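This report refers to the structure that appears directly beneath it.
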Amino acid sequence: MGVDELDVVVVGAGQAGLATSHELSARGVEHVVLEAAQPGGSWSERRDSFTLVGPNHTVRLPGATYAGDDPGGFMSGTAVTEHLRDYAARLPAELRTGTPVRRLTPARGGYRLDTDDGAVRARQVVVATGAFQRPLRLPALAGLAPSVAVVDVAGYRNPAALPEGAVLVVGSGQSACQIAEELVLAGRRVVMACGRAPWFPRRVGGRDLFEWLIAAGFYEQTPGDVPPAARHRANVQATGSRGGHDLHYRTLHALGVELAGHLLAVDGLTARVATDLGETLATADEGHAVVASLVRRVCAVEGAPAPDIEPPSDTAVLVAAAPDSLDLTGFGAVVVACGFRSRYAKWVQVPGVVDEHGFPVHVDGESVVAPGLHFVGVHFLRRRRSSLLFGVGDDATACAERVARPT
């Protein structure tokens, strides 16, 4: 079988790949999009109850801005998938579905991409495989008894799909909180091994949390504005479920979720947890204070009165009830929702293409060690919003301009 010779290839047909394809076509750049499954990427693989956390009006892809009648609502994962597939159907470039790229290597005049349908050679390649590629696994669970199932956030679907029994949820961010809430509302006993994520009310002063953060320029932060490791920190605890409502450690505790410190180790059916719940809650409250200061700053700039922001309630009762070990007898599953990491180094076989944290080493999206190799849709690629539905379009535009630039 011969090698298919192409000029430009985009790998991935999720929001990043489709936005890039739109922008390349707008500049007259012929290209082909390779997608492992179907357009929409991983959105179709989310849990059954998944909704956007940002309001619908934050869907701002080039050529596919949200235009529905519920801008303040929160689309389901199915609705987002349909939105992206409609977007893909309107784009002029060739889209090859069911074509996973297994390996990318440098080749004469560009790059070779080995796919299930044969090899492709391209002068330039845009890697747009998404920000959430590999769920983080926990070494602490290595000693867990095989009678308890371990399900990562990518594999979780709904409470009924888990084995019967109590559930230990490990994590602190949006997914961990949303899954814990769903499980306890389904009648499960839920214990949560907590990490350090910020929280804030869903709405303050008649404005949504995301609207305050956008207005404050929070999502305009660049990689240079935060330490590299901070790019992996959990997002503010929030949910778009049931129209969007407050969701954080205190609301979960009120529903009956048992809170514990972070998971240290598991030996059979005994889990050892840290006695750091007090520090964890204090860190979360520090995040509340940071967001509150951003809200007041926005009001000062806009010349508007700052809304009343209720301070966090006392955590003494929550801390006093925290255990230092858990008997997992009767538990059916552990759900691990501790975030994601990239997997570029697994298939992009270019030495030095990513740093020690797994992020591409780049200038404006183009690799510094492999000219003509571009990245779009990476968390914190150029800004905090680079992987988000209201940020990836700007990076796609910048990428398309670099690709189209005469060489």
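Residue check: residue 243 meets all listed conditions (1) farther than 26 Å from residue 78 by Cβ; (2) more than 18 Å from the chain's Cα centre (by Cα) but one, namely (1). Report yes if some residue within the stretch 196-204 is part of a loop (DSSP other than H, G, I, E, B), surrounded by 18 or more Cβ atoms within 10 Å (Cβ to Cβ), aromatic (Phe, Trp, Tyr) and at pLDDT 95 or above; otherwise report no. Checked the stretch 196-204: at least one residue is part of a loop (DSSP other than H, G, I, E, B), surrounded by 18 or more Cβ atoms within 10 Å (Cβ to Cβ), aromatic (Phe, Trp, Tyr) and at pLDDT 95 or above.
Take the conditions (1) modelled with pLDDT under 95; (2) buried (at least 19 other Cβ atoms within 10 Å of the Cβ); residue 4 misses just one of them, which is (2). Picking from residues in the stretch 284-321 that are over 20 Å from residue 216 (Cβ atoms) and among the hydroxyl-bearing types (Ser, Thr, Tyr), the one that is surrounded by the most Cβ atoms within 10 Å (Cβ to Cβ) is 315.
The set of residues in the stretch 149-170 being at pLDDT below 95 and either acidic (Asp, Glu) or buried (at least 17 other Cβ atoms within 10 Å of the Cβ) (or both) consists of 152, 153, 154. Scanning the stretch 382-402 for residues that are buried (at least 24 other Cβ atoms within 10 Å of the Cβ) and touching a strand residue (DSSP E or B) at 6+ places or on another chain (Cβ under 6 Å) yields 393, 399.
It is to be established whether one or more residues within the stretch 367-377 are surrounded by 19 or more Cβ atoms within 10 Å (Cβ to Cβ), more than 28 Å from residue 235 (Cα to Cα), small (Gly, Ala, Ser) and not assigned by TED's automatic domain parsing to the domain that holds residue 154. So far as the stretch 367-377 goes, yes, one or more of its residues are surrounded by 19 or more Cβ atoms within 10 Å (Cβ to Cβ), more than 28 Å from residue 235 (Cα to Cα), small (Gly, Ala, Ser) and not assigned by TED's automatic domain parsing to the domain that holds residue 154.
Looking only at residues in the stretch 51-71 that are in a loop (DSSP other than H, G, I, E, B) and without any contact (Cβ under 8 Å) to a residue 40 or more places away in the chain, which one is surrounded by the most Cβ atoms within 10 Å (Cβ to Cβ)? Here the answer is 66.
Among the residues examined, residue 243 qualifies as surrounded by fewer than 19 Cβ atoms within 10 Å (Cβ to Cβ) and closer than 19 Å to residue 178 by Cα.
Scanning the stretch 343-357 for residues that are among the β-branched types (Val, Ile, Thr), in a loop (DSSP other than H, G, I, E, B) and without any contact (Cβ under 8 Å) to a residue 24 or more places away in the chain turns up just one, 353. Per the conditions (1) more than 18 Å from residue 121 (Cα to Cα); (2) touching a residue at least 12 places away in the same chain (Cβ under 8 Å); (3) small (Gly, Ala, Ser), the sole criterion not satisfied by residue 79 is (2). Residue check: is residue 193 in the same structural domain as residue 264 (by TED's automatic domain parsing), farther than 28 Å from residue 233 by Cβ and modelled with pLDDT of 95 or more? Answer is no for this residue. The residues of the stretch 127-148 that are assigned to a loop (DSSP other than H, G, I, E, B) and buried (at least 18 other Cβ atoms within 10 Å of the Cβ), listed by number, are 128, 129, 130, 131, 132, 138, 148.
A Cβ distance below 9 Å, combined with a sequence gap of six or more or placement on separate chains, defines the contacts here; from the stretch 250-269, residues that are within 13 Å of residue 324 (Cβ to Cβ) reach residues that are surrounded by fewer than 16 Cβ atoms within 10 Å (Cβ to Cβ) and among the β-branched types (Val, Ile, Thr) in the pairs 261/275. Yes or no: residue 64 closer than 19 Å to residue 33 by Cα and either within 23 Å of the chain's Cα centre (by Cα) or at pLDDT 95 or above (or both)? Answer is yes for this residue. Just give me the residues in the stretch 336-394 being closer than 28 Å to residue 140 by Cα and among the charged types (D, E, K, R), in sequence order. Answer for the stretch 336-394, where residues must be closer than 28 Å to residue 140 by Cα and among the charged types (D, E, K, R): 341, 343, 346, 355, 356.
The sole residue among 339, 393 that is more than 21 Å from residue 230 (Cβ to Cβ) and either touching a helix residue (DSSP H, G or I) at 6+ places or on another chain (Cβ under 9 Å) or charged (D, E, K, R) (or both) is 393. Looking across the stretch 170-195, the residues that are part of a helix (DSSP H, G or I) and of a type outside the set (D, E, K, R) come down to 174, 175, 176, 177, 178, 179, 180, 183, 184, 185.
The values are calculated or read from the model by the stated rules, or taken from the named source; none is laboratory data. All values derive from a computational prediction rather than experimental measurement. Reconstructed Cβ throughout: ideal geometry from the backbone, glycine too, with neighbour counts over all protein chains shown.
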